[in-house]
Amino acid sequence: MRRAVCPGSYDPATNGHLDIVERAAELFDEVVVAVLVNKKKQGLFSVEERMEMLRATTAHLSNVRVDSWHGLLVDYCRDNGIAAIAKGLRSVSDFDYELQMAQMNRELSGVETLLMSNNPTYSYLSSSLVKEVATYGGDVTGMVPDLVRDRLRAKFPDS
């Protein structure tokens, strides 16, 4: 079975994230959407909330499951029989960083990284920008799944 992981903080998941997950699901038998647990960083949404939103927004993909991890991603891959990491690239600066990570991961464990160009429709999206727009009452429709948009509105009701 060919397995890949789509790792990220997903705080929150954007339509750009979901585009990469859907495309990876066409290439692999199983795709794990893995939410990073970073105890040093306080997210807008808890890890459990992010996982629940991801489960709901990927429910139409029968070969996708949602999990969480902490520590080195390559250790998670080894422990779960995952041979590939699938990630999206928005820009040249993303490429520079992700190339170094891909080379390090391969050196550490032999895990390959598939760097996928983002759909140009979503190339400007990041979780940080979406949160900033939502904080000030901006409309994030079309940037995130409707469920995520509604959860953001609930987080910032007076915006």
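Read-outs throughout are calculated quantities, based only on the coordinates presented, and are distinct from any laboratory measurement. Predicted, not measured: the structure shown is a model, and the values here were computed from it. Quick reminder, even Gly has a Cβ in these numbers, built from the backbone with ideal geometry, and neighbours come from all protein chains shown.
Return the sequence-ordered ³J(HN,Hα) values of region 139-152 in whole Hz as given by the Karplus equation 6.51 cos²θ - 1.76 cosθ + 1.60 applied to θ = phi - 60°, using x for Gly and Pro.
With the stated coefficients, region 139-152 comes to 8, 9, 4, x, 9, 9, x, 4, 4, 5, 4, 5, 5, 5 Hz.
Treating only the Cβ atoms of Lys and Arg (+1) and Asp and Glu (-1) as charged, compute the dipole magnitude of region 1-104 about its Cα centre; round to the nearest 20 debye. Mind dumping the intermediate values first?
Values: 12 positive and 15 negative charges, 36 e Å.
My answer is approximately 180 debye.
How do 144, 33 line up, fewest other C-beta atoms within 10 Å first? Spell out each step's value before the answer.
On the way: 144 26, 33 29.
So the ranking, lowest neighbour count to highest, is 144, 33.
To test your reading of the geometry: what angle, between 0 and 90 degrees and rounded to tens, separates the Cα axis of helix 15-27 from the longest principal axis of the chain?
On a 0 to 90 degree scale, this one is about 30.
Modelled label-to-label distance, residue 101 and residue 41, 7 Å Cα→beta-carbon offset: nm?
Between residue 101 and residue 41, the label points sit 0.9 nm apart.
Have a look at 83, 102, 130 and report the one farthest towards the positive end of the charge dipole of region 51-159, computed about the Cα centre with Cβ charges (Lys/Arg +1, Asp/Glu -1).
130
Note down the nm distance, to one decimal, between modelled labels 7 Å out along Cα→Cβ at residue 112 and at residue 139.
For the pair residue 112/residue 139, the computed spacing is 4.4 nm.
Relative contact order, percent, of the chain when contacts are C-alpha pairs under 8 Å separated by at least 6 residues? Each step should come with its number before you reach the end.
On the way: 236 pairs, mean separation 44.5, N = 159.
So the answer I get is 28 percent.
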